[in-house]
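Beneath this line is the structure, given in structure tokens, with notes to follow.
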Amino acid sequence: MEDAEWVLVRKPAEKDLWAPSLVEEESSKPLKVTFSGPAKHWTDAIPIGNGRLGAMVWGGVASEKLQLNEDTLWTGTPGNYTNPKAPEALTEVRKLVDSGKYVEATEAAVKLSGDPSDVYQLLGDINLEFDDSHLNYAEESYSRELDLDTATASIKYSVGDVEYTREHFSSNPDQVIVTKISGSKSGSLTFTVSLDSKLHHNSHANGKNQIIIEGSCPGKRISPKFLSLNDNPKGIQFSAVLDLQISGGSGVIHVLDDKKLRVEGCDWAVLLLVASSSFEGPFSKASASKRNPTSESLNALNSIRNFSYSDLYAHHLDDYQNLFHRVSLQLSKSSKKILGDKILEPKKLTPISSLNLKGSDDALVSTADRVKSFKTDEDPSLVELLFQYGRYLLISCSRVGTQVANLQGIWNKDIEPPWDGAQHLNINLQMNYWPSLPCNLRECQEPLFDYTSSLSINGSKTAKVNYEASGWVVHQVSDIWAKTSPDRGQAVWALWPMGGAWICTHLWEHYTYTMDKDFLKNKAYPLLEGCTLFLLDWLIEGHGGYLETNPSTSPEHMFIAPDGKQASVSYSSTMDISIIKEVFSAILSAAEVLGRTQDAVVQKVREAQPRLLPTKIARDGSIMEWAQDFEDPEVHHRHVSHLFGLFPGHTITVEKTPDLCKAVENSLYKRGEEGPGWSTMWKTALWARLHNSEHAYRMVKHLIDLVDPDHEADFEGGLYSNLFTAHPPFQIDANFGFSAAVAEMLVQSTIKDLYLLPALPRDKWANGCVKGLKARGRVTVNICWKEGDLHEVGLWSKDHSSIKRLHYRGSTVTTNISSGRIYTFNRQLKCVRTTCL
């Protein structure tokens, strides 16, 4: 036994803990985003990230660029998010609303507006320059791809008889972006590397194998080009260090201009990029920071100096795949062929996902071409890829200890990005985290709760000063400094004090999925309580004995007032009341779990709850968006805020409120299918909640439309060649919304109920298998289906027992799910097998 070797055996991935019986599973296409050439636009580049450090890999041949981001690089410093003049303005606006003077109220409400958010910045670029021979590379040899299974970007091409390979990944455990460049012939690799940034910076060589770049973000949101350093207060400082190692025995490194490193005649080179900033938290000024970003970056490099490339890759893979491999999805079309009146069924079914799209070599087909052809071939494997891509992006931009995912995740090329790259709380930030629970990435949601805690601190000041209210409040847009005051500008977007309340619904959802009582007690309940206290104070006596919100808007949407003019401010918009109902329901349920039903706040909620305005149906049969049945000047508006009660809320359900569900359906028809990517995905989830597979699928198909970056204005929604979703321009929310909506089509749940394949498009995804999705009640769900019919279900819970009602096409079966056991059910929902986990 002394001579025996230890072999590292990995525990099975979560998706592999259950296997269906009597079904021969066939692998789908590799989960790869592929490209036929180097990137021409930023949205052609490949995103990699470890939650904090991100890069966009362009894949150029003679010259290459890795555009870098670090998630704490923002303009500004901590702000004052209060307005002592707001109470007087609030009284004026409320009087105007009570008098039915909605246009005047809308104009007066501008006095309640605040300052804009600060702006997400970039870090800089790694620039690689190769010798002129690379200009003559063999174009047919070029390949560039992102492998979702390994979170690795790779580029290959040939120059003469030499094949060059580049591999890039961003490691979370080692907090480093890693690049390996190699040539197939000894001594064939020669290049120059440098660091640059659009921000104020300087760079210099540090010895023979390192470059250090040090810089600063503007202390104000004004662009650096309009400010001298003397005019700009000290903002967040940053540093990045690039470390270069080359193959031993061949090659040399030269320092050029004290800023660049030139490699000549080596076999391979490994580049390590680490970065740090002076950001100490949302309440600490950059000028007072004790952090030394350069020292921290050098220490970070020193901590991994003894790791080989293989070590770094193994650490990265183990960390990433522990999350990514929790869920698998396979979809395929029907395998039945119709010939005349006969249906031919081959002995072995081959999913469409294993068929080649073009010729005999599927690798020749770029993902962009697959997106283009989806309108005609509707290849289900592209849906698989896009579903998993959303999960990949969430893992890559939101991890324990990082900043919250912003409007672009962590990826940004501009010092003035669209909408400041800021967190928008009237749908976008929330949609970023929709897939975290059902798609089995609960840890990735932790930054949202850390952020909510920060918001509650600033938000308590805003609530007290602006509204003379208890608790805490957040409005429509925020930033790294946890801004809680209204945005600048018009009331139609700026006046919306429901952002914090919407985020609070995520706290309760997290509990319902994880059943983590400690989380509920220590994190969720205190935040819910503070939010509820604000809502109780914000509600005032209104029409007909109801409690109302006044002033109130429906996010970013106008109505036609009785005088024929457009206005945005009235009272008790449907979304306001829907969110409040959801928060009130959550705190009552949380109090039951924690034994706090006698708390004063709970008693007040019980008294207020029946006095909230019911959701009403308009004259045209749709859901009323405002408390009055105002005429809508823009029926195809992108927001569907008034449908919140159905999704992501729970106050409208197919079983309990069929009339309201019909009105939601009418509302969706009225809104139409056009809209930004995030709007398309919200509509997909809404149709799924209505159990309408046809329309849910129509919205899925609607998103899969290739956007031309040179003519973005011609598109609404769609996908770029790297599968980033478009508003346009790029917003990451719809990538996450897609994954969540597809999960919603396959599995829906309450703590007690589980709905199987509620919105499966049977004619489009006739055969399939999904493993590892999560349901409320801490249950893991695995489902296989054949020719549109349920075939087998596997359910398990590691450490929580529960009673579940299983629902499938009108049939309901109640079953007990004991912890530590896997239960397999057949198509009749009969348990046919149990095994130990």
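Coordinate-derived values only; no laboratory data. This structure is a prediction, so every number in the text was calculated from the model and none was measured. Positions of Cβ are generated from backbone atoms using ideal geometry, with glycine treated the same way; all protein chains shown enter the neighbour counts.
Quick look at the numbers
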read-out	value
Interchain or long-range residues, amide H under 5 Å from residue 206's placed H	211, 212
Inter-site label distance for residue 133 and residue 836 at 7 Å from Cα along Cβ, in nm	6.2 nm
Distance in nm between pseudo-label sites at residue 290 and residue 669 (7 Å out along the Cβ direction from Cα)	6.5 nm
Size of charge dipole - region 599-745 - debye, nearest 20, with Cβ of Lys, Arg +1 and Asp, Glu -1, no other charges	780 debye
Dipole moment magnitude, nearest 20 debye, the chain about Cα centre, only Lys, Arg, Asp, Glu C-beta charged	2180 debye
Above-threshold pairs, the threshold being 27 Å between Cα atoms, out of 461/517; 336/662; 185/260	461/517; 336/662
Dipole in debye (nearest 20) - region 767-836, about Cα centre, beta carbon charges: Lys, Arg +1; Asp, Glu -1	180 debye
Three-way shape call for region 155-313 based on the alpha-carbon gyration tensor, with the a/c threshold at 1.5	prolate
Residue 468-residue 752 pseudo-label distance in nm [points 7 Å out on the Cα-to-Cβ vector]	4.4 nm
Signed unit charges on C-beta, dipole axis of the chain, positive-most listed residue 797, 93, 732	797
Per-peptide average of other Cβ atoms within 10 Å, ordering 401-407, 304-310 highest first	401-407, 304-310
Mean separation of Cα contacts under 8 Å (6+ apart) over length of the chain, as relative contact order %	13 percent
Distant-in-sequence amide H partners of residue 817 (H built 1.01 Å from N, under 5 Å)	802, 803, 804
Relative contact order [Cα under 8 Å, 6+ residues apart], region 767-836, whole percent	24 percent
Three-way shape call for region 602-750 based on the alpha-carbon gyration tensor, with the a/c threshold at 1.5	prolate
Entries in 333/616; 40/259; 29/752 that, when Cα-Cα distance is taken, lie over 32 Å	333/616; 29/752
For region 729-837, radius of gyration divided by Kirkwood radius, i.e. Rg to Rh on alpha-carbons	1.00
Sequence ranges 175-184, 818-827, 474-483, ranked by mean other-Cβ count within 10 angstrom, highest first	474-483, 175-184, 818-827
Förster-model FRET efficiency, 35 Å R0, residue 517 and residue 303, C-beta, rounded to 0.05	0.45
Cα-based reach from residue 290 at 26 Å (exclusive), listing lysines while leaving out same-chain residues under 8 positions away	198, 220, 234, 483
Value in Å of the Kirkwood radius, where the chain supplies the Cα pairs that are averaged	28.3 Å
